[in-house]
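Nothing in this text is a laboratory measurement; each read-out follows from the coordinates by a stated rule. These numbers come from a predicted model, not from an experiment. Here the Cβ positions follow ideal geometry from the backbone for every residue, glycine too, while neighbour counts run over all protein chains shown.
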């Protein structure tokens with residue numbers, strides 16, 4: 001059974017679209033190029049209506065509808081399984097970029113010296129403060145505790161899709177990369193609920209037991 005698109009996938013008519021950081025486009029392009037290859041990259045971007053980015057990737061924030069279209073195209077061209085793998089690869093690459101370019105080195109050093117529970121809370125708050133850069137018009141929230149949770153209502157990755165499995169691997173892999181580097185190298189981030197599966201929100205749990 002594959003993903004099925006619903007009418008709301010077209011976007012929120014009548015209101016100006018929110019914008020998302022260009023990593024959501026760049027890292028998917030990299031994952032496609034280094035994975036299935038340039039031909040798949042071209043087919044996916046053309047299917048998404050983003051062929052213009054094949055010559056010049058975006059340097060500024062992008063229309064969130066482009067991100068949704070890109071993930072729809074990934075699933076259409078590659079199928080759910082491989083699209084999820086590409087999404088996860090792109091998420092890890094996004095985490096690497098954030099560690100290299102966006103999270104100050106002194107802050108990273110401090111987090112690594114803090115007790116895990118405290119470092120996790122600090123990182124959680126930092127992600128929440130910057131949610132506007134990756135969530136767009138989706139509602140993002142967090143819950144500290146055991147397990148720590150990230151909650152996205154209206155995820156741009158799975159918007160307007162029905163599927164038998166969670167689809168927001170891009171977000172989960174980004175969160176996991178940051179937590180593994182700055183809090184605990186053994187944690188896993190698991191998407192335990194997804195709106196594509198009929199759940200009210202996409203929920204990710206940070207699990208220290210690896211299960």
Checklist entry - How long is the gain from residue 55 to residue 146 if the chain were fully straight, where each residue apart is worth 0.36 nm and the alpha carbon distance is subtracted? => result 28.2 nm
Next on the checklist: How tilted is helix 116-129 with respect to the longest principal axis of the chain? Cα atoms for both, answer in degrees (0 to 90, nearest 10).
Outcome noted: 40 degrees
Checklist entry - Working out 0.36 nm times the residue gap between residue 133 and residue 184, then minus their Cα-Cα distance, what length gain in nm do you get to one decimal? => result 15.9 nm
Checklist entry - In degrees, nearest 10, range 0 to 90: what is the angle between the Cα axis of helix 38-47 and the longest Cα principal axis of the chain? => result 70 degrees
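How large is the Kirkwood hydrodynamic radius of region 144-211, in angstrom, based on all distinct alpha carbon pairs? Working shown, then result.
On the way: mean 1/r = 0.0828 Å⁻¹.
Mean inverse Cα-Cα distance, inverted, gives 12.1 Å.
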Item to check | Percent breakdown of C-alpha pair distances by 5 Å bin, ordered from the shortest bin, for region 71-132 | outcome: 4, 15, 17, 20, 14, 12, 9, 7, 2
Checklist entry - Where the centre of each part is set by its Cα atoms, how far does region 97-118 sit from region 132-158, in angstrom? => result 21 Å
Item to check | Two-decimal log10 I(q)/I(0) for the chain, as the Debye equation yields it once each C-alpha is a single scatterer, q = 0.18 Å⁻¹ | outcome: -1.32
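I'd like to know how region 48-166 sits against the 2.2 N^0.38 Å rule of thumb: what's its Cα Rg over that expected value? Please list the in-between numbers first.
Working: Rg = 16.4 Å, N = 119, 2.2 N^0.38 = 13.5 Å.
The reported ratio for this selection is 1.21.
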Checklist entry - Under a point spin-label approximation (7 Å from Cα along Cα-to-Cβ), what is the residue 153-residue 199 distance to one decimal in nm? => result 1.5 nm
Item to check | Cα long-axis angle, helix 80-97 against the chain (0 to 90 degrees, to the nearest 10) | outcome: 50 degrees
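Please compute the contact order of region 14-207 in relative form: average sequence separation of alpha-carbon pairs under 8 Å and at least six residues apart, divided by the residue count, as a percent.
Rounded, it is 22 percent for region 14-207.
Taking 0.36 nm per residue of sequence separation and subtracting the Cα-Cα distance, how much length would be gained by fully extending the chain between residue 110 and residue 33, in nm to one decimal?
Result: 24.2 nm gained on full extension.
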